[in-house]
Amino acid sequence: MSTVFRRSTLVRHGLVFLGLAVVLLVLTSFVFDSFTNYNVTEVAIYAISAAGLTVLTGINGQVSLGHGALMMIGAYTTSVLLTRHPGLPLILMLVASIATTGIAGAIVGLAGARLRGPYLAGATLALAVALPQVPSHFASVFGGNQGLSVAASTPPAFLGSSFAPEQWLAWITLAAALVTFFVLANLVRSATGQRFRMVRDNEVAARLSGVDVARTQVLAFVVSAACAGLAGSLFAYWVSVTSPSGFTLNLSLSLLTAIVIGGLGSLSGAVLGSFILVYLPVWTGGLASSLNLSTNVANNVPLAIYGIVLIGAILVFPRGVAGGVASIVRGVTRVLRSSRGTGPLPAAPEAPSQ
Amino acid sequence: MRPEISRSRTWAVAAVGGAAVLLTAACGSTSSTGNSASAPGVTATTVTIGSTQPLTGPAAPGYSEIAPASNAYFKYVNAHGGVNGRKISYTYLDDQYNPTSTATQTRKLVLQTQVFAMFQALGTPTHLSVVSYLNSEHVPDLFVASGCNCWNNTSQYPDTFGWQPNYTIEGKILGQYIVQNFASKKVGFFLQGPNDEFGADGLMGVNDSLQGKGLNVDSTPAYYTPTAAGAMAVGAAIAGLQAQGVQVIVSFSVPLFTAIAEASAAGLNYHPQFVVSNVGSDPPTLSTILTGGSLGKKLPAGLIGGTISDTYLPLLTDAANPWVTLFQSIKATYAPSLPWDGNVEYGMAEAYTFVQALKAAGQNPTRASMVSAVESSHWTDGPGITPYAYSSSNHNGYTGVQMVTIGLDGTLKTLGPVEITDDTPTGAITTFSGTPSTPPTGGIPSD
């Protein structure tokens, strides 16, 4: 019975992701201009990293303020390798970055499994603050503050010489994002995902049920770090330069913001949160310049709106935008069904699935 | 199992919502009076150019005035008919002197704003992060506001041009002055870096002149990182030079870090001779930083007084120079809130060169005609005191400098003649005896 159900989950996810792939392929090829593709790539990079973070924080209950630093490990893996061996294929870079960051995640996870709450937050915060100092001290390897430049991945010749590099990178990044989300969506519904949640909800109960808490926590960290590594590698291609200035504490906090606004523990929330993170400044920036404000005010309007949205989202959607959207959809369906005379449905459970 | 269903619904909502809001519109072009939309960013009535500037962050003190000053000159030109009937629209975005931010802001300018050309993009580490991209897109990358030798690389970066004397040319002339005047003193370095072309190119130039002259040189330069954390570490770096007994500090640094270095030395009761690159030595900027910008507050005369540097533009205080009076009057009308300092003079002078180039690119400029206009320019008029090096094989701008010193009253005084050279290790330094040009009537380049 359970194998049949699991197989059907896999099939259902497979169909959804295939559909999404077709939609995104059409959008990036025929609808979006280069700048939109460039921004969509950024959304996808954030989403990959945020998805990893939401598995760690939302589903396994370990907070990380250091995911920007993990992305940095991925980005530097790609950049150092490309500097030494130009011409290595992109896929190899992605795999290498996933591997190094996964190992780093295991080390952080081993330490993290002994720490709880604010102490774990502090330890990961230290990582986010300390790691960007490393390239300045080993400047010959990491290029110092100026950083390492990353050669763009050129589209294959059969796509034509006028094929926009932004579209090519959007394809790669969205493909990587779809694979990541497919794997994670199945992982969180698997027995392993169940163990992640058990450890989050009650460590003692989990231990009594035979779950190795520490091992589960380390595994969650590895999975999460691997996502950050993948995102970091793509980030290096997207920015075209890897320098410590790209991986400030701000990045780590932005990722945390994305998963909280989007909906903690929900993978679709990670996408929504990343989307808000990238597009809110774009829209508010346009708004600010169209209002004809003085430059000092206009420069700060996007930041102020961002703050208001953050506060508003937490107040209105305590379970994030994804949670809010889900409740609205449920509410509407209920009203529609009852007006059709099929009678009220029993109330849906609000709590995360146990 | 309801959550499963609602999750896939949220997925659908995310996908559809995402698709709906991402749609953007494109715009068309018009033509009239023989002017056509001849290139991206060029319409019959406008030319849109872009730049990345440190409007905030560690390099902002002083440098944040450069683009507004250029914009003031463009407004002046626009108010007098523009260039071939087109008004110049200058969009400069803040990159906080952060290479990552430069990369994203530059793509915004190229892909979204669709600029015709980049102009005066500021900073060595910052602009290095986008120079390949701009050249692969064939966007003219004119007059980078940095003296890195890297902009003079016609095979790799055929669309990029420097403007100010590059740091190696400058370093060679500074080095020659040290050999002539401080041969018996121990020389040390305070540089942006390590692995930053700004510091490295300057060091290379100074060493070209010091080599084989038997000077006592401290072989390990002190480096700073241009970040807030880097500012904290300057005191220790200067103390290190003091401990080495360094008597002459050659500094390739942005103004904030020159100021911190000089203040740190004074705080240590350490009084070396500072020899500072032009970009980090503007006296009004240093005074503003060191007094916290408060008006009327006096700086101790010895703090920046005595510093040696160089210039390739007329002295700010030379009221008899027609370029100085021209730029001051434009500033008074079009950017009255800016101070009169080296950054503003720089911005105005560079904008003048841009207008020269745009005129030379023809009635309906293209990106290619813009590049060849600079390569074949042979301009002899302009605010600078040395000739330009521009040719199809050389993308350097000004070819030399004149040594200056900051007096105890905080104004610059010249030391010796204008000297020119190239950026090769053995290229001789020669005295330039050409006469300075005067601005054309109306202050706008003629055809």
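Would it be correct to say that B:D381 is among the acidic types (D, E), closer than 19 Å to B:L326 by Cβ and surrounded by fewer than 16 Cβ atoms within 10 Å (Cβ to Cβ)? Criteria met by B:D381. Scanning region A:217-239 for residues that are surrounded by fewer than 24 Cβ atoms within 10 Å (Cβ to Cβ) and among the polar types (S, T, N, Q) yields a total of 0. For the residues B:Y73, B:Y63, B:Y97, the requirement of being assigned by TED's automatic domain parsing to the domain that holds B:G382 and within 27 Å of A:M72 (Cα to Cα) singles out B:Y97. Kindly provide the set of residues from region B:95-129 that are within 19 Å of A:S34 (Cα to Cα), in contact (Cβ under 8 Å) with a residue 60 or more places away in the chain and within 11 Å of chain A (Cβ to nearest Cβ), ordered by number. Scanning region B:95-129 gives B:V110, B:T113, B:Q114. Can you give me the number of residues within region B:229-246 that are in contact with a strand residue (DSSP E or B) (Cβ under 8 Å, 6 or more places away or on another chain) and in a loop (DSSP other than H, G, I, E, B)? Adding up the residues that qualify gives 3.
Could you say which residue among A:G117, A:G74 is crowded, with 18+ Cβ neighbours inside 10 Å and either in contact (Cβ under 8 Å) with a residue 12 or more places away in the chain or within 18 Å of the chain's Cα centre (by Cα) (or both)? It would help to see each step written out before you state the result.
Values: A:G117 fails: crowded, with 18+ Cβ neighbours inside 10 Å.
None of the others qualify; the one that does is A:G74.
Looking at region A:33-40, can you tell me whether even one residue there is under 30 Å from A:S136 (Cβ atoms), within 14 Å of chain B (Cβ to nearest Cβ) and out of contact with any Asp or Glu (no Cβ under 9 Å at 6 or more places or on another chain)?
So in region A:33-40, the residues under 30 Å from A:S136 (Cβ atoms) come out as A:38.
Checking the rest, the ones that are also within 14 Å of chain B (Cβ to nearest Cβ) come to A:38.
Right, trim to out of contact with any Asp or Glu (no Cβ under 9 Å at 6 or more places or on another chain) and you get none.
No - not one qualifying residue is present in region A:33-40.
Checking region B:211-219 against the condition returns no match, with no residue being out of contact with any helix residue (DSSP H, G or I) (no Cβ under 8 Å at 6 or more places or on another chain) and within 20 Å of B:N278 (Cβ to Cβ). With respect to the conditions (1) hydroxyl-bearing (S, T, Y); (2) farther than 19 Å from B:N149 by Cα; (3) without any contact (Cβ under 8 Å) to a residue 12 or more places away in the chain, B:T366 lacks only one, and its number is (3). The lone criterion from (1) at pLDDT 90 or above; (2) over 15 Å from the mean Cα position of the chain (by Cα); (3) more than 8 Å from chain B (Cβ to nearest Cβ) left unmet by A:A51 is number (2). Here A:S245 meets the list (1) on the phi > 0 side of the Ramachandran plot; (2) within 14 Å of chain B (Cβ to nearest Cβ) almost entirely, failing just condition (1). With respect to the conditions (1) more than 14 Å from chain A (Cβ to nearest Cβ); (2) touching a Leu at 6+ places or on another chain (Cβ under 6 Å); (3) surrounded by fewer than 24 Cβ atoms within 10 Å (Cβ to Cβ); (4) of a type outside the set (D, E), B:S64 falls short on a single one, namely (1).
Residue by residue, here is whether (1) hydroxyl-bearing (S, T, Y); (2) buried (at least 24 other Cβ atoms within 10 Å of the Cβ); (3) under 25 Å from B:T399 (Cα atoms) holds:
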position	(1), (2), (3)
B:P300	no, no, no
B:T311	yes, no, yes
B:L316	no, no, yes
B:P322	no, no, yes
B:L326	no, no, yes
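The criterion of at least 1 residues that are at pLDDT below 95 is met by the following strands (runs of 3 or more DSSP E) wholly inside region B:110-228: B:187-192, B:222-224.
Scanning region B:311-367 for residues that are acidic (D, E) and either under 20 Å from B:K413 (Cβ atoms) or part of a loop (DSSP other than H, G, I, E, B) (or both) turns up B:D318, B:D341, B:E345. Among the residues making up region A:81-120, those that are in a loop (DSSP other than H, G, I, E, B) and more than 21 Å from A:V223 (Cα to Cα) are A:H85, A:P86, A:G87, A:L88, A:P89.
So which of A:V150, A:V108 ends up being in contact with a Gly (Cβ under 8 Å, 6 or more places away or on another chain), of a type in the set (V, I, T) and modelled with pLDDT under 95? Show your work before the answer.
Details: A:V150 fails: in contact with a Gly (Cβ under 8 Å, 6 or more places away or on another chain).
Result: A:V108 is the single residue among A:V150, A:V108 that is in contact with a Gly (Cβ under 8 Å, 6 or more places away or on another chain), of a type in the set (V, I, T) and modelled with pLDDT under 95.
For B:A389, only one of the following conditions fails: (1) touching a His at 6+ places or on another chain (Cβ under 9 Å); (2) surrounded by fewer than 24 Cβ atoms within 10 Å (Cβ to Cβ); (3) within 21 Å of B:H138 (Cα to Cα). What is its number? Answer for B:A389: the failing condition is (3).
Scanning region B:75-84 for residues that are in contact with a strand residue (DSSP E or B) (Cβ under 8 Å, 6 or more places away or on another chain), in contact (Cβ under 8 Å) with a residue 40 or more places away in the chain, of a type outside the set (S, T, N, Q) and not in a helix (DSSP H, G or I) returns a single hit, B:V83. Among the residues making up region A:129-168, those that are assigned to a loop (DSSP other than H, G, I, E, B), more than 9 Å from every other protein chain (Cβ to nearest Cβ) and of a type outside the set (A, V, I, L, M, F, W, C) are A:S153, A:T154, A:P155, A:P156, A:G160, A:S161, A:S162. The sole residue among A:L272, A:L251 that is over 13 Å from A:A47 (Cβ atoms) and part of a helix (DSSP H, G or I) is A:L251.
Quick check: is even one residue across region B:254-268 within 14 Å of chain A (Cβ to nearest Cβ) and buried (at least 19 other Cβ atoms within 10 Å of the Cβ)? Checked against the condition, which is being within 14 Å of chain A (Cβ to nearest Cβ) and buried (at least 19 other Cβ atoms within 10 Å of the Cβ), region B:254-268 yields at least one hit. When the residues of region A:290-332 are narrowed to those that are at the interface with chain B (Cβ under 10 Å from one of its Cβ atoms) and more than 26 Å from A:I259 (Cβ to Cβ), which ends up modelled with the highest pLDDT? This residue is A:N299. Only one of the listed residues (B:I249, B:I304) is over 24 Å from B:A121 (Cβ atoms), surrounded by 21 or more Cβ atoms within 10 Å (Cβ to Cβ) and at pLDDT below 95. That residue is B:I304.
Determine whether region A:212-221 contains at least one residue that is more than 11 Å from chain B (Cβ to nearest Cβ) and over 25 Å from A:T124 (Cα atoms). No, region A:212-221 contains no residue that is more than 11 Å from chain B (Cβ to nearest Cβ) and over 25 Å from A:T124 (Cα atoms). Kindly check whether there is at least one residue in region A:19-27 that is of a type in the set (A, V, I, L, M), touching a residue at least 12 places away in the same chain (Cβ under 8 Å), part of a helix (DSSP H, G or I) and more than 13 Å from chain B (Cβ to nearest Cβ). No. For region B:85-101, the count of residues that are surrounded by fewer than 22 Cβ atoms within 10 Å (Cβ to Cβ), over 22 Å from the mean Cα position of the chain (by Cα), part of a helix (DSSP H, G or I) and among the small types (G, A, S) is zero.
Here B:V279 passes the criteria (1) surrounded by fewer than 18 Cβ atoms within 10 Å (Cβ to Cβ); (2) of a type outside the set (S, T, Y); (3) closer than 30 Å to A:P244 by Cα except the one numbered (1).
Candidates in region B:134-148 are the residues that are within 14 Å of another protein chain (Cβ to nearest Cβ) and in contact with a Phe, Trp or Tyr (Cβ under 9 Å, 6 or more places away or on another chain); of these, the one that is farthest from B:A200 (Cα to Cα) is B:V139.
The values are calculated or read from the model by the stated rules, or taken from the named source; none is laboratory data. Keep in mind the model is a prediction, meaning the values are calculated, not measured. Here Cβ is always computed from backbone atoms with ideal geometry, including for glycine, and neighbour counts include all displayed protein chains.
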